[in-house]
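Here's the structure we're looking at; comments come further down.
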Amino acid sequence: MQLDLHVWRFEWAVRQGGLARGLAELARRSEALGIRTLSVMDHYFQMESQAPATDPMLEAYTALGFLAGKTERIRLRTLVSGVTYRHPAVLAKAVTTLDVLSEGRAELGLGAAWYEREHRGLGIPFPPLAERFERLEEALQICLALWSGRVGRFEGRHAVLEETLCSPMPVSRPRPRILIGGGGERKTLRLVARYADACNLFGGPTQVAHKLDVLRRHCDEIGRDPNEIEVTVMHPAVAAGARADDLIRDAEAFAAIGVSTLVASATGDDPAAWLEATFGPCMARLGAIPTKPLR
């Protein structure tokens with residue numbers, strides 16, 4: 001079982017003496033602890049369901065580029081980029097640049113987008129849901145075309161590229177890994193089965209097990225082995241002072257249904273200290289938990 005860290009809030013870093021200093025320190029200490037992947041939010045406003053929309057929110061790929069320069073091993077991604085935020089070819093170029101400059105540590109996290117307030121607030125088009133899913137699939141196709149190494153024309157419903165030229169190419173082989181966020185059973189998990197190397201789900205073991213049953217069916221329809229897809233799950237809220245034994249039991253329950261990675265959210269006014277105190281005592285035990293195959 002792997003442990004990733006997701007940073008969805010930044011106001012704590014301001015209180016610690018500055019966004020740059022706080023975020024860099026969290027990344028370095030996460031890497032030292034053995035966190036495999038660090039992800040950041042890709043939003044322009046803070047999610048008003050969780051905190052005031054006026055709280056600090058960083059542009060994701062600028063932040064990840066900064067963190068690439070402060071770390072050596074930890075993998076870097078968004079969780080997840082909304083397909084509406086950037087032209088797909090620009091998104092592919094941003095991920096490629098991050099991958100090259102981090103020496104192969106970038107991943108693409110992508111979803112259909114949902115936060116209407118930030119779109120309206122900044123004048124970013126917010127198409128209907130059906131169109132956003134069309135754009136999501138087309139964006140995945142464009143990224144794969146640019147990373148294929150073959151230069152040609154791409155003509156989609158929403159974007160036309162005269163030249164799928166990407167130079168330099170990504171360092172990651174055969175390309176940066178793709179994670180699709182969300183658990184929609186009819187569209188999102190179908191796209192996971194067809195395009196993704198990883199998915200990100202929410203809920204407890206019972207809810208996640210149901211989603212994985214749906215994902216298996218989508219994989220069966222196209223003849224894909226579902227074990228090729230890494231299953232990541234947002235860890236349920238971890239109480240302050242949680243015991244290592246309780247965390248291990250949670251991890252074992254998820255591993256038993258096919259989850260290979262838990263994603264912890266940066267918590268409290270000192271997320272690095274919280275992370276070390278909460279997961280430090282059980283990292284070795286966590287890493288020893290085997291994940292049940294999805295078949």
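The values are calculated or read from the model by the stated rules, or taken from the named source; none is laboratory data. Everything numeric in this text was worked out from a predicted model, so none of it was measured. Cβ atoms come from the backbone with ideal geometry, glycine included; neighbour counts cover every protein chain shown.
Restricting Leu262, Leu165 to those that are modelled with pLDDT of 95 or more, farther than 16 Å from Glu107 by Cβ and in a strand (DSSP E or B) reduces the list to Leu262.
Looking across the range 74-88, the residues that are in contact with a helix residue (DSSP H, G or I) (Cβ under 6 Å, 6 or more places away or on another chain) and either in contact (Cβ under 8 Å) with a residue 40 or more places away in the chain or surrounded by fewer than 20 Cβ atoms within 10 Å (Cβ to Cβ) (or both) come down to Ile74, Val83, Pro88.
Restricting Ala253, Ala193, Ala237 to those that are of a type in the set (A, V, I, L, M, F, W, C), modelled with pLDDT of 95 or more and more than 30 Å from His87 (Cβ to Cβ) reduces the list to Ala253.
Being in contact (Cβ under 8 Å) with a residue 40 or more places away in the chain, under 27 Å from Leu33 (Cβ atoms), of a type in the set (Val, Ile, Thr) and part of a loop (DSSP other than H, G, I, E, B) is a property that Thr71 has. Residue-level check: of (1) loosely packed, with under 15 Cβ neighbours inside 10 Å; (2) more than 18 Å from Ile180 (Cα to Cα), Glu228 misses just (2).
Here is a yes/no grid of residues against (1) crowded, with 18+ Cβ neighbours inside 10 Å; (2) modelled with pLDDT of 95 or more; (3) closer than 24 Å to Glu107 by Cβ:
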site: Gly204; (1), (2), (3): no, no, no
site: Gly241; (1), (2), (3): no, no, no
site: Arg249; (1), (2), (3): no, no, no
site: Asp269; (1), (2), (3): no, no, no
site: Leu275; (1), (2), (3): yes, no, yes
site: Arg285; (1), (2), (3): no, yes, no
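Look at (1) touching a residue at least 60 places away in the same chain (Cβ under 8 Å); (2) of a type outside the set (Phe, Trp, Tyr); (3) assigned to a helix (DSSP H, G or I) and you find that Glu221 fails only one, number (1).
Considering the range 133-166, and only residues there that are of a type in the set (Gly, Ala, Ser) and surrounded by fewer than 15 Cβ atoms within 10 Å (Cβ to Cβ), the residue that is nearest to Gly181 (Cα to Cα) turns out to be Ser148.
Conditions (1) in contact with a strand residue (DSSP E or B) (Cβ under 6 Å, 6 or more places away or on another chain); (2) among the acidic types (Asp, Glu), marked per residue:
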| residue | (1), (2) |
| --- | --- |
| Val208 | yes, no |
| His218 | no, no |
| Glu221 | no, yes |
| Glu228 | no, yes |
| Asp250 | no, yes |
| Ala255 | no, no |
| Val263 | yes, no |
| Pro281 | no, no |
| Ala284 | no, no |
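Between a residue in the range 200-212 that is more than 17 Å from Leu3 (Cβ to Cβ) and any residue that is of a type in the set (Asp, Glu) and in a loop (DSSP other than H, G, I, E, B), which pairs come within a Cβ distance under 8 Å, given they are 6 or more apart or on different chains? Cβ pairs passing all conditions: Lys211/Glu185. Looking across the range 6-22 at every residue that is within 22 Å of Ser49 (Cα to Cα) and of a type in the set (D, E, K, R), the one that is surrounded by the most Cβ atoms within 10 Å (Cβ to Cβ) is identified as Arg9. Of the residues making up the range 115-132, not a single one is touching a residue at least 24 places away in the same chain (Cβ under 8 Å) and either under 16 Å from Lys93 (Cα atoms) or assigned to a strand (DSSP E or B) (or both).
From the set of residues in the range 23-69 that are surrounded by fewer than 21 Cβ atoms within 10 Å (Cβ to Cβ) and small (Gly, Ala, Ser), which is nearest to the chain's Cα centre (by Cα)? If we take residues in the range 23-69 being surrounded by fewer than 21 Cβ atoms within 10 Å (Cβ to Cβ) and small (Gly, Ala, Ser), then Gly65 is nearest to the chain's Cα centre (by Cα).
Of all the criteria given as (1) within 30 Å of Val14 (Cα to Cα); (2) assigned to a strand (DSSP E or B); (3) touching a helix residue (DSSP H, G or I) at 6+ places or on another chain (Cβ under 9 Å), the one not satisfied by Val231 is (1).
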